[in-house]
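Visitor: Got a structure for you, written out below as structure tokens; questions coming shortly.
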Amino acid sequence: MLCALAAIPVLIAVAVRVSSAVPPGRGPAFLDRIAQNGLFVGVTAMVVSVPLFLPLTVGVVAGDTIAGEAGQGTLRYLLVGPAGRIRLLIVKYAGTAVFVVVAPLVVALTGAGIGAALFPVGPVTLLSGDTIDPGEAVVRLLLIAAYLAVSLLGLSAIGLFVSTLTDVPVGAMAATVVLSVVAQVLDALPQLEWLHPWLFSHYWLDFGDLLRQPVSWDSFVGNALLQGGYIAAFGALAYGRFITKDVLS
Amino acid sequence: MSAGGPGAGLGAGPGIELSIETGGLTKRFGQQLAVDGVDLAVPKGAVFGFLGPNGSGKTTTIRLLLGLATATGGSMRVLGEEMPRKLADVLPRVGALVEGPAFYPFLSGAANLRRMDAADPFGSAATRHARVQSALERVGLTHAADKLVRAYSLGMKQRLGIANALLAPRELLVLDEPTNGLDPQGTREVRSLVRSLAAGGATVFVSSHLLAEVEQICTHAAIMSAGRLVAQGTLAELRGAGHARIRVLTPDPGTAAQVLTGLGLTATLSADGRTSAGAASGAAVSGADAALFASLPAARPVGAARDAGSDLAVEPEAVVAALVAAGVRVRGFATEQASLEDRFVALTGEGFDVVQ
């Protein structure tokens, strides 16, 4: 799955390279900047992956945690081991968290790498109009990856909970991905504006603040608090469900 | 409850240390009682056969004992500790094979065992490699240790499952259908493995529906039927509790039946289910031997102390004397002890229908 994620920036970079110049204002954000500065491949790839592809991979990993073991029958042996139910949940969530950190990082770094290989690299102009050198730009790229990692932690907690509900891993994966899509659809409906700040996907694309000089941390902190709330709520639900679950698979 | 409680039953009197002890253990799934008031008493050091037809609640009971499912009611003690409160203390001392082996097909056999061992917080990482190797050796899988489990045959997976139960020294082994899918050599190896484990002081709890196997390796057994425990005790007690019966081979089945009836026994003719009275003339004319069966009424092992004054006590030799005195030509006479299979079928019913 990490390879699939890495394929996205490669695809973007190659497409831009072989095609003629992209007219400004069309396609995903920053696409028109790639030809001037290869580092933008990373940013563009992350923007493209956020709505579906990253949640999809996270849904697969998080949905598989408990349901995958149950479906395979190994859950009973882990518990008889005895792994301990709380310990198992924590380890499984930690494993998902590692994936959540690595996934955006792969997109960002592959993007920067392929961009640097195919296009010129130079100073980057930020949204605030300031210009930073390429080294500083890579740091910003990593910051965005970290922002996305935090953003996806809430979804992985939801996936963990869904995974404790079923013995069918595919069902848990699909449910998690569907939930992430539903949240984004709700986020797009102006009639539900009161709900928007509470949706786990609401701040997913708000990493623009990290591209200003000086960096504005407001959205980062707000997002982290929201995701923390989701982790607490769905972690508790997963605990409540799993601790009393009859393992019959 | 104490060791002498209602669950102790035939096999264990007071004072015998029990490895597994349940009182009124009950598990309800919706409307269905999967396990219904089971009082198990498994003595320490026993090889305990847990018998029952498919769907009788064996595996559910095992899941309850191992803390995989929560009991609806009743109490459990495993290795002297109250369950499921002391689950974390007890499970490291228990090795289990539950409802067939389950492994990660994309990992090798040894890697699977290492991963399972890592789940045990008491499994020291320093000795892990050696323990995995010795467990594989005990089940004869050393040569296939580095093969992917995906490429294992059913019997090899079963062996690997047993190896998983043997990763650490265990006081109790719970083996659910351990010889499932094994070839005759494998079955023999498992039998000798179980014996060697028991010789080492471990209690082995074997669930099975293979009666011959249980008769060969077990010292004690219990029989489940439709969620209830219908019998439990040492193997000898279980067999003895069944009625012994006599078989009379004679060309005079009519007279013989009368004699047996006079002794208070109920005679049945074996050959084709004809009643003994109706068969009389036909059998006599042909001159062929007919086999008559009669259950000895006393539900006690042959040779046990006789209940003084009981007119039900009919000794086999008295039957022969009475038959001969009545002029019956006795060509064969035998007392047959009920086999475990007879006992099993008597308790759980015949046929394929799964009792609900």
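Visitor: Looking for something more than 14 Å from chain B (Cβ to nearest Cβ), more than 15 Å from A:GLY154 (Cβ to Cβ) and among the charged types (D, E, K, R) - is there at least one such residue anywhere in the range A:197-207?
Guide: No, every residue in the range A:197-207 fails to be more than 14 Å from chain B (Cβ to nearest Cβ), more than 15 Å from A:GLY154 (Cβ to Cβ) and among the charged types (D, E, K, R).
Visitor: Which is touching a residue at least 24 places away in the same chain (Cβ under 8 Å) and over 18 Å from B:SER19 (Cβ atoms), of B:LEU166, B:LEU210, B:LEU197, B:LEU175?
Guide: Working: B:LEU166 fails: over 18 Å from B:SER19 (Cβ atoms); B:LEU197 fails: over 18 Å from B:SER19 (Cβ atoms); B:LEU175 fails: over 18 Å from B:SER19 (Cβ atoms).
Of the residues listed, the single one that is touching a residue at least 24 places away in the same chain (Cβ under 8 Å) and over 18 Å from B:SER19 (Cβ atoms) is B:LEU210.
Visitor: Next up: Can you name every residue in the range B:58-83 that is within 24 Å of the chain's Cα centre (by Cα), in a loop (DSSP other than H, G, I, E, B) and either within 13 Å of chain A (Cβ to nearest Cβ) or at pLDDT 90 or above (or both)?
Guide: Answer for the range B:58-83, where residues must be within 24 Å of the chain's Cα centre (by Cα), in a loop (DSSP other than H, G, I, E, B) and either within 13 Å of chain A (Cβ to nearest Cβ) or at pLDDT 90 or above (or both): B:LEU66, B:GLY67, B:LEU68, B:ALA69, B:ALA71, B:LEU79.
Visitor: Take the conditions more than 28 Å from B:ARG239 (Cα to Cα), touching a Leu at 6+ places or on another chain (Cβ under 7 Å) and open to solvent by less than 10 Å² (accessible area, probe 1.4 Å) and apply them to B:LEU40. Does it pass?
Guide: When the stated conditions are applied, B:LEU40 does not pass them.
Visitor: Restricting to the range B:28-37, and then to whatever is open to solvent by 10 Å² or more (accessible area, probe 1.4 Å) and touching a strand residue (DSSP E or B) at 6+ places or on another chain (Cβ under 8 Å), can you tell me which residue is farthest from B:GLU213 (Cα to Cα)?
Guide: B:ARG28
Visitor: Please go through the range B:153-171 and pick out each residue that is touching a Leu at 6+ places or on another chain (Cβ under 7 Å) and within 16 Å of A:TYR77 (Cβ to Cβ).
Guide: Of all residues in the range B:153-171, those touching a Leu at 6+ places or on another chain (Cβ under 7 Å) come to B:155-156, B:158-165, B:167, B:171.
If the condition is that a residue be touching a Leu at 6+ places or on another chain (Cβ under 7 Å) and within 16 Å of A:TYR77 (Cβ to Cβ), then B:GLN158, B:ARG159, B:LEU160, B:GLY161, B:ILE162, B:ALA163, B:ASN164, B:ALA165, B:LEU167 are the ones that fit.
Visitor: OK, next. I'm trying to understand the selection: among the residues of the range B:37-56, which are touching a Lys or Arg at 6+ places or on another chain (Cβ under 8 Å) and in a loop (DSSP other than H, G, I, E, B)?
Guide: Across the range B:37-56, the qualifying residue is only B:GLY52.
Visitor: Taking the range B:84-115, which residues are within 11 Å of chain A (Cβ to nearest Cβ), within 20 Å of B:MET156 (Cα to Cα), open to solvent by less than 10 Å² (accessible area, probe 1.4 Å) and outside any loop (DSSP other than H, G, I, E, B)?
Guide: B:GLY95, B:ALA96, B:LEU97, B:ASN112, B:LEU113 - these are the residues of the range B:84-115 that are within 11 Å of chain A (Cβ to nearest Cβ), within 20 Å of B:MET156 (Cα to Cα), open to solvent by less than 10 Å² (accessible area, probe 1.4 Å) and outside any loop (DSSP other than H, G, I, E, B).
Visitor: Filter the range A:210-227 for residues that are open to solvent by less than 30 Å² (accessible area, probe 1.4 Å) and either under 18 Å from A:LEU142 (Cβ atoms) or not in a helix (DSSP H, G or I) (or both) and give the result.
Guide: A:LEU210, A:LEU211, A:SER219, A:ASN223
Visitor: Would you please name the residue that is modelled with the highest pLDDT, looking only at residues in the range B:151-202 that are polar (S, T, N, Q) and under 21 Å from B:SER108 (Cβ atoms)?
Guide: It comes out as B:ASN164.
Visitor: If I go through the range B:239-264 residue by residue, how many of them are modelled with pLDDT of 80 or more, outside any helix (DSSP H, G or I) and of a type outside the set (Val, Ile, Thr)?
Guide: 5
Visitor: Need a quick list: strands (runs of 3 or more DSSP E) entirely within the range B:169-238 having at least 1 residues that are open to solvent by 10 Å² or more (accessible area, probe 1.4 Å), farther than 25 Å from B:GLY80 by Cα and of a type in the set (Gly, Ala, Ser).
Guide: B:220-225
Visitor: Restricting to the range B:331-346, give me the number of residues that are open to solvent by 50 Å² or more (accessible area, probe 1.4 Å) and either basic (Lys, Arg) or over 15 Å from the mean Cα position of the chain (by Cα) (or both).
Guide: Count: 5.
Visitor: Hey, can you tell me all the residues within the range B:40-56 that are in contact with a Phe, Trp or Tyr (Cβ under 9 Å, 6 or more places away or on another chain) and at pLDDT below 90?
Guide: The answer is B:LEU51, B:GLY52, B:PRO53.
Visitor: Next question. Considering (1) within 30 Å of B:LEU87 (Cβ to Cβ); (2) modelled with pLDDT under 90, say which one A:ALA116 fails and leave the rest.
Guide: Against the list (1) within 30 Å of B:LEU87 (Cβ to Cβ); (2) modelled with pLDDT under 90, A:ALA116 comes up short only on (1).
Visitor: Now a separate question. In the range B:210-234, which residues are of a type outside the set (A, V, I, L, M) and more than 13 Å from B:LYS58 (Cα to Cα)? Before the answer, list the steps.
Guide: Within the range B:210-234, the subset of a type outside the set (A, V, I, L, M) is B:213, B:215-216, B:218-220, B:225, B:227-228, B:232-234.
Across the range B:210-234, the qualifying residues are B:GLU213, B:GLU215, B:GLN216, B:CYS218, B:THR219, B:HIS220, B:GLN232, B:GLY233, B:THR234.
Visitor: Hey, another quick one. For the range B:116-138, enumerate the residues that are surrounded by fewer than 16 Cβ atoms within 10 Å (Cβ to Cβ), touching a Lys or Arg at 6+ places or on another chain (Cβ under 8 Å) and either touching a residue at least 24 places away in the same chain (Cβ under 8 Å) or within 14 Å of chain A (Cβ to nearest Cβ) (or both).
Guide: B:ALA118, B:PRO121
The values are calculated or read from the model by the stated rules, or taken from the named source; none is laboratory data. Keep in mind the model is a prediction, meaning the values are calculated, not measured. Note that we place each Cβ from the backbone using ideal geometry, even for glycine, and neighbour counts take in every protein chain shown. SASA here: full protein model, heavy atoms, side chains in, ligands and nucleic acids out. Shrake-Rupley method; radii C 1.70, N 1.55, O 1.52, S 1.80 Å.
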